[in-house]
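What follows is a set of notes on a single structure, which appears directly below.
The values are calculated or read from the model by the stated rules, or taken from the named source; none is laboratory data. All values derive from a computational prediction rather than experimental measurement. Neighbour counts are summed over all protein chains in view; Cβ atoms, including those assigned to glycine, are modelled from backbone coordinates with ideal geometry. Accessible surface is based on the protein model in full, side chains and every heavy atom, while ligands, DNA and RNA are left aside. Shrake-Rupley method; radii C 1.70, N 1.55, O 1.52, S 1.80 Å.
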Amino acid sequence: ELAALGATDYNYGIAQDAQGRIWAANERPMLVYDGARWLALRDATDRTGSHTPLPRGSRVYGSAASELGYFEADRAGVFQWHGLNAQLPADARQFGRVTGPVATTDAVWYLTTSHIVRFGDDGSVQLQPADGYEPELSAFDDAVFVVDPARGLLQARHDGRGIVLEAPAGLDESWRAQLGTPARGADGARIYQAQSHALLRAAGSADPE
């Protein structure tokens with residue numbers, strides 16, 4: 001069934017929206033399972049996600065090569081793609097790899113090859129240069145984490161005026177050069193992957209162990 005929709009065996013990520021639909025960011029189309037059948041969503045070109053699709057309200061955010069955006073149902077209930085690149089400055093619209101999206105309480109975030117991009121729920125858009133950053137982006141406890149090869153693990157936040165990058169609170173500097181962005185463990189602890197590929201756990205703001 002999925003092969004007939006143009007899908008491959010490779011999916012970048014999967015998520016479930018509030019209505020129970022399953023979204024799969026396939027290598028080619030975006031796939032949606034509504035409980036009865038699979039649908040392939042596309043318009044002029046396939047819209048594939050680089051990471052897990054992100055349901056948020058009536059929208060499901062995703063990304064394609066050189067494009068940020070979201071799917072939202074029209075009045076007929078048909079999901080349509082809405083690109084967000086037009087909201088970016090002209091010199092920030094050309095990029096290849098996209099990491100994300102991830103969400104905080106009031107925004108959706110992406111990492112492109114050149115910028116950290118924040119789309120606020122209030123319609124605001126902020127960018128922070130991120131040339132050369134590792135293709136890693138995660139959100140944890142309403143903070144966003146990225147990895148700058150020169151400075152190590154950094155926390156990105158919005159201070160009301162723009163995006164601020166800073167060292168994660170409570171994390172010793174010697175650890176920041178070794179760690180990738182954290183994920184949430186089953187017990188709520190932060191799980192990091194070190195450069196050695198070891199998995200490290202940190203409870204609260206403590207250093208990993």
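Among what's in the stretch 102-132 and is part of a loop (DSSP other than H, G, I, E, B) and either in contact with a Ser or Thr (Cβ under 8 Å, 6 or more places away or on another chain) or touching a residue at least 60 places away in the same chain (Cβ under 8 Å) (or both), pick the residue that is nearest to PRO182 (Cα to Cα).
Here the residue is ALA130.
Filter the stretch 128-177 for residues that are of a type in the set (A, V, I, L, M), closer than 19 Å to ALA189 by Cβ, over 15 Å from the mean Cα position of the chain (by Cα) and surrounded by fewer than 17 Cβ atoms within 10 Å (Cβ to Cβ) and give the result.
Answer for the stretch 128-177, where residues must be of a type in the set (A, V, I, L, M), closer than 19 Å to ALA189 by Cβ, over 15 Å from the mean Cα position of the chain (by Cα) and surrounded by fewer than 17 Cβ atoms within 10 Å (Cβ to Cβ): just ALA169.
Table: residues versus (1) over 16 Å from ALA25 (Cβ atoms); (2) out of contact with any Pro (no Cβ under 9 Å at 6 or more places or on another chain); (3) at pLDDT below 95; (4) of a type in the set (A, V, I, L, M).
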residue	(1), (2), (3), (4)
GLN94	yes, yes, yes, no
ARG97	no, no, yes, no
GLY100	no, yes, yes, no
VAL108	no, no, no, yes
THR113	yes, no, yes, no
GLY120	yes, yes, no, no
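Show the residue pairs meeting these rules: Cβ distance below 7 Å; 6+ apart or different chains; first residue within the stretch 158-184 and of a type in the set (Val, Ile, Thr); second residue in a loop (DSSP other than H, G, I, E, B).
Filtered contacts from the stretch 158-184: THR181/GLU136; THR181/LEU137.
So, in the stretch 1-23, of the ones that are closer than 16 Å to PHE79 by Cα, part of a loop (DSSP other than H, G, I, E, B) and of a type outside the set (A, V, I, L, M, F, W, C), which residue ends up least open to solvent (accessible area, probe 1.4 Å)?
ASP17
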